[in-house]
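Taking it in order: structure first as structure tokens, then the write-up.
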Amino acid sequence: FLEKGEVEFKNVSFSYPESEVPVLQNLSFSVKSGETLAILGSTGSGKTSLFQLVPRLYDVSEGEVLVDGKNVRDYPIEALRKGIGVVPQEAVLFTGSISENISWGKEGAVQEEIVQAAKDAQIHETVLKLPNQYDTRVGQRGVNLSGGQKQRLSIARALVRKPKILMLDDSTSALDLKTEAKLLEALRKYACTTFIITQKISTAMEADHILLLDDGSIEAWGTHEELLETSPLYVKIVQS
Ligand code: CTP
Ligand code: MG
């Protein structure tokens, strides 16, 4: 659906429809195929809003978002929705089996693909302990899952589609560091361009680039080492 998964923002500004308040202001950056971008910033700084512009959940107010050099407006919406795996900040599960929840949005997923995605998302072992394993029902009158378990199911759902671009919106917040490290390691073989919103410096340190948002603007861009030198705000976050 997408060729390489390169992403470029060119002078992007954004405000929500029917609002005058600019949420993102003049953002420019680019991420190459297979690279990881960590996005940091305090609550309300615009992280989730930035994410939504890539699969066109919203359109930019000014500037351009390019995927593989082409404006996202020039893609069929299907290509964006299928080529970009967005794991939302709040995992959304529906009433149905674990398998159905993972394969949702990918017609014809076979069991091996579902299990592989679950393994990579670090939820397979948990599923095996459930009363009916992959056939266990979740949601109303089904088993209750913890926040971290829901997050990992939601990641498995994105992985089963083998996206070219993977966008994780604070999706590892409930995971312990060891599980998160295993997850990030498993993601490597997907070789997808990865945007990861995170509060954890340990996650940001592993990324090819860090984008620090402050009130809708880019406060700093670079690697962990570079930001330690150039961004007082980043240093403050590291020390907190
Ligand atoms: N906003 C809005 N309309 C929406 C969603 C968000 O006006 N439908 C505003 C928020 O009030 C906020 C700004 O857009 O001032 C940025 O929001 P968001 O991108 O969601 O911020 P995040 O950085 O994702 O914040 P958090 O860490 O709390 O998720
Ligand atoms: Mg958010």
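When G44 is tested against the conditions (1) out of contact with any Asp or Glu (no Cβ under 7 Å at 6 or more places or on another chain); (2) of a type outside the set (D, E); (3) assigned to a helix (DSSP H, G or I), the lone failure is (3). Screening the candidates E20, E90 for the property of being farther than 30 Å from R141 by Cα, open to solvent by 50 Å² or more (accessible area, probe 1.4 Å), within 12 Å of ligand 1 (Cβ to nearest atom) and out of contact with any Gly (no Cβ under 9 Å at 6 or more places or on another chain) yields one hit, E20.
Filtered by the rule that a residue be part of a loop (DSSP other than H, G, I, E, B) and either within 15 Å of ligand 1 (Cβ to nearest atom) or not hydroxyl-bearing (S, T, Y) (or both), region 29-41 gives K32, G34, E35, G41.
Residue-wise test of (1) over 23 Å from P55 (Cβ atoms); (2) touching a helix residue (DSSP H, G or I) at 6+ places or on another chain (Cβ under 8 Å); (3) hydrophobic (A, V, I, L, M, F, W, C); (4) open to solvent by less than 70 Å² (accessible area, probe 1.4 Å).
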| position | (1), (2), (3), (4) |
| --- | --- |
| K119 | yes, yes, no, no |
| V138 | yes, yes, yes, yes |
| V143 | yes, no, yes, yes |
| L177 | yes, yes, yes, no |
| A191 | no, no, yes, yes |
| L213 | no, yes, yes, yes |
| S217 | no, no, no, yes |
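Conditions tested, residue by residue: (1) among the polar types (S, T, N, Q); (2) surrounded by 18 or more Cβ atoms within 10 Å (Cβ to Cβ); (3) in contact with a Pro (Cβ under 8 Å, 6 or more places away or on another chain).
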residue: S13; (1), (2), (3): yes, no, yes
residue: N26; (1), (2), (3): yes, no, no
residue: S33; (1), (2), (3): yes, no, no
residue: G41; (1), (2), (3): no, yes, no
residue: G44; (1), (2), (3): no, no, no
residue: S49; (1), (2), (3): yes, yes, no
residue: L53; (1), (2), (3): no, yes, no
residue: E62; (1), (2), (3): no, no, no
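The values are calculated or read from the model by the stated rules, or taken from the named source; none is laboratory data. In this text, all values refer to a predicted model and were calculated from it rather than measured experimentally. Ideal geometry is used to build each Cβ from the backbone, glycine not excepted, and the neighbour counts take in all protein chains shown. Heavy atoms of the whole protein, side chains included, go into the accessibility calculation; ligands, DNA and RNA do not. Shrake-Rupley method; radii C 1.70, N 1.55, O 1.52, S 1.80 Å.
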